[in-house]
1. What does the charge add up to near Ala43, with Lys and Arg as +1, Asp and Glu as -1, over the other residues with Cβ less than 10 Å from its Cβ?
2. Quick check: with the 1.4 Å probe, what order do Arg33, Arg47 take by accessible area, largest first?
Amino acid sequence: FERVDRTLQAGPASAQDFLDEIAGLEDGPARERITAALVAETARILRQPEGEIDPYRPMTDLGFDSLMAVDLKLSAEEQLGIALPLTSLSDQMTLADLAIKVLTRIRSGHTAPEEDGVDTVVAKHVGIAGLDEDVVEEVLSGVNRTTTGHGPGG
């Protein structure tokens, strides 16, 4: 319900207003503004005061889990007018690093969602498990059959 309340309070033009504000700033101040917005949203998600959020610490060290990362991704789409692949919120990403990614996407005009393909996500997670390429190919083949309806029962 918080997301609905924030959307109603902010109004439908707030994301465009934010993008317009960033467009009028040099890169340094733009990064600072984006970082401040991400810190504010992170504080809301973690239920901590903004002053306790260090934008240079990895998000996992701040206490982020996968659901919180999804919440931040959705909030970025709503509040900042920019969509990021969920994978950009992983590993040792900091809010300052994320602000640079957001700014890069804004400056390049890529504000629309950019989803990772099934192959990319599966390969990343299977690769982390240390499996060889034949196993990865077998998994991807099974996933592709399932998602295209050409697998068992499809």
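The values are calculated or read from the model by the stated rules, or taken from the named source; none is laboratory data. Keep in mind the model is a prediction, meaning the values are calculated, not measured. No Cβ is skipped: glycine too gets one built from the backbone with ideal geometry, and neighbour counts run over all protein chains shown. What goes into the accessible areas is simple: the full protein's heavy atoms, side chains included, and nothing from ligands, DNA or RNA. Shrake-Rupley method; radii C 1.70, N 1.55, O 1.52, S 1.80 Å.
1. Within the 10 Å Cβ shell, the charges total -1.
2. The ordering from most to least exposed comes out as Arg47, Arg33.
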